[in-house]
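The values are calculated or read from the model by the stated rules, or taken from the named source; none is laboratory data. Quick caveat, the model's predicted, so the values are computed rather than measured. So basically every Cβ, Gly included, is an ideal-geometry build from the backbone, and we count neighbours across all protein chains shown.
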Amino acid sequence: MMKDVPFAAITNSHFREYRSTVSNGGDFFIYSDILWKKLDQTIDLGVRP
């Protein structure tokens, strides 16, 4: 986790709950800087073609 920077983990479930609560809301866009890191390992996301 990043330290000393503002960070909030927002998921689809948070947004769906917000839309349900306020009875309003459209598409959810996040504009953020990207931190690219080179890894020497493979991360298996469990997705199959």
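Values computed for the structure shown
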| quantity | calculated |
| --- | --- |
| Single residue of PHE28, PHE15 found to be surrounded by 10 or more Cβ atoms within 10 Å (Cβ to Cβ), of a type in the set (Phe, Trp, Tyr), outside any loop (DSSP other than H, G, I, E, B) and modelled with pLDDT under 85 | PHE15 |
| Any pair with Cβ under 9 angstrom, 6 or more apart, that starts in the range 26-48 at a residue that is closer than 29 Å to ARG16 by Cα and ends at one that is β-branched (Val, Ile, Thr) and in a loop (DSSP other than H, G, I, E, B) | PHE28/ILE10; ILE30/ILE10 |
| Only listed residue being among the basic types (Lys, Arg), in a loop (DSSP other than H, G, I, E, B) and modelled with pLDDT of 80 or more, chosen from LYS3, LYS38 | LYS38 |
| Which numbered condition VAL22 fails, given (1) at pLDDT below 75; (2) surrounded by fewer than 10 Cβ atoms within 10 Å (Cβ to Cβ) | (1) |
